[in-house]
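Since the structure comes first, as structure tokens, the remarks are kept for the end.
The values are calculated or read from the model by the stated rules, or taken from the named source; none is laboratory data. Computed from a predicted structure; not experimentally measured. Note: ideal-geometry Cβ built from the backbone for every residue, glycine included; neighbour counts use all protein chains shown. In case anyone asks, the SASA skips ligands and DNA or RNA and just uses the protein heavy atoms, side chains included. Shrake-Rupley method; radii C 1.70, N 1.55, O 1.52, S 1.80 Å.
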Amino acid sequence: MYMLPAVVDPSGLQQFCDRIVDGISAVFLALKRRPIIRYSRTSDIAKRIAHEASKLMYQQESGLFDFRRTEVSPLLLIIDRRDDPVTALLNQWTYQAMVHELIGIQDNKVNLKNVGKLPKDQQEVVLSSEQDAFFKANMYENFGDIGMNIKKMVDDFQQVAKSNQNIQTIEDMAKFVDNYPEYRKMQGNVSKHVTLVTEMSKIVEERKLMLVSQTEQELACNGGQGAAFEAVTNLLNNDNISDVDRLRLVMLYALRYEKESPVQLMQLFNKLASRSPKYKPGLVQFLLKQAGVDKRTGDLYGNRDLLNIARNMARGLKGVENVYTQHQPLLFQTMENITRGRLRDVDYPYVGNHFQQARPQEVVIFVVGGTTYEESRSVALQNSMNSGIRFILGGSSLLNSKRFLKDLEEAQRIALPCENLENRITGKIYIQLAITAIEHAISSCDLKSRDEIYVWTF
């Protein structure tokens with residue numbers, strides 16, 4: 001809905017905005033705070049939601065939000081998913097984000113009914129950091145470390161199981177019965193995480209995701225258009241790469257180099273159409289229309305701000321610990337700018353005459369169009385730094401690349417008739433202008449020239 005122009009479905013769009021404003025307002029009622037509000041300058045939908053939230057909190061329900069004043073008001077920042085489409089397109093390599101990307105998480109539940117022959121009680125499992133100590137400790141760890149940590153958990157369980165098998169006295173039996181619920185819980189946890197990692201390893205191998213992801217990360221984090229074009233072309237020609245992975249690679253290349261290499265981009269469009277006919281290049285072009293460089297707020301690739309350029313150079317010189325997790329979402333940079341008081345007013349204007357002089361202690365960031373588990377990881381890491389600011393992240397949905405592409409396809413499908421109508425109207429105007437110009441030219445010529453003009457026109 002957030003990708004569509006208001007003329008397509010004004011009632012649906014208003015409903016979408018109202019739901020978001022209600023959710024944000026409920027958060028601030030729970031926090032007993034009334035925020036200063038800012039939004040992404042280039043996003044009409046972020047501006048609309050920011051202004052409607054401000055109207056509700058400062059005018060319509062002013063008394064409801066009139067809590068005891070704190071020294072510094074919290075900040076509500078409304079941003080648009082289209083400012084950073086890269087994060088929503090990338091494969092993930094940390095545990096929670098990877099499960100969501102490859103299998104899917106809905107309300108903390110993972111559906112494993114299509115994964116081999118599993119016992120009934122393991123066909124849907126819960127991933128909750130509040131109930132699962134192993135998941136809490138490893139949800140932000142990278143895939144390589146997860147494998148070693150699961151092996152340790154299995155070894156620990158085998159030790160417990162071995163000791164439970166050694167029941168020789170009534171006291172041993174009573175002790176086992178007392179510990180049985182914990183034993184069962186530990187057994188279930190081991191089975192759950194082993195199943196998840198086994199299934200993800202299988203998907204990674206089938207789709208050659210280590211090969212794909214290395215190029216994805218290069219596209220997202222490093223320059224070098226020539227090498228990037230060659231790498232993407234080679235993967236498009238690779239029969240082992242899936243259609244959806246080819247599409248994502250072309251999209252990531254297009255977002256990075258849309259202004260630098262139009263000829264090479266057209267070659268990739270043609271290659272994608274021939275290798276993966278299911279996905280038309282029009283979807284990539286629709287993405288650029290929605291989230292191209294002219295539409296985005298912020299410095300997605302760190303090319304504009306001198307501080308970001310220096311940081312990228314330093315990172316390139318010293319390398320990164322893991323090539324698959326080197327990407328940092330734009331949100332990380334935004335939080336850093338807030339922490340340092342460098343969030344530009346021109347990019348993120350204030351609503352009304354409510355401005356912030358001092359650094360906020362609480363910041364709620366809401367992503368219209370959906371947020372990701374990679375971004376929630378960045379927020380958790382930022383909060384763990386004890387910078388004096390607590391960040392809270394929300395969004396209209398929780399995205400993985402599959403959901404983002406589905407939203408993009410749906411928006412394109414709905415918007416296409418409007419674009420076609422607009423093109424037809426524009427075309428008729430051009431034709432009428434051409435006819436008028438030709439008639440004017442004919443009226444000022446003799447008969448011989450008039451015949452020549454007719455021939456030339458046809």
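General observations
- Modelled label positions at Gln159 and Ser384, each set 7 Å beyond Cα in the direction of Cβ, lie 2.4 nm from each other.
- Prolate/oblate/rounded call for segment 1-104, Cα gyration tensor, a/c under 1.5 rounded: oblate
- Lys295 sits with roughly 110 Å² accessible to a 1.4 Å probe, with DNA, RNA and ligands left out of the calculation.
- Within the same chain, lysines fewer than 8 places from Lys117 are excluded, and of the rest, those with a Cα less than 26 Å from its Cα are Lys109, Lys151, Lys152, Lys185, Lys192, Lys202, Lys208, Lys402.
- Taking label points 7 Å from Cα along the Cα-to-Cβ direction, Lys113 and Val263 give a separation of 5.3 nm.
- Sequence ranges 406-414, 93-101, ranked by mean other-Cβ count within 10 angstrom, highest first: 93-101, 406-414
- Extension gain, Glu71-Asp345: 0.36 nm per intervening residue step, less the Cα-Cα distance, totals 96.5 nm.
- Packing, as the average of other Cβ atoms within 10 Å across residues, places the peptides 186-199, 384-397, 325-338 in the order 325-338, 186-199, 384-397, highest first.
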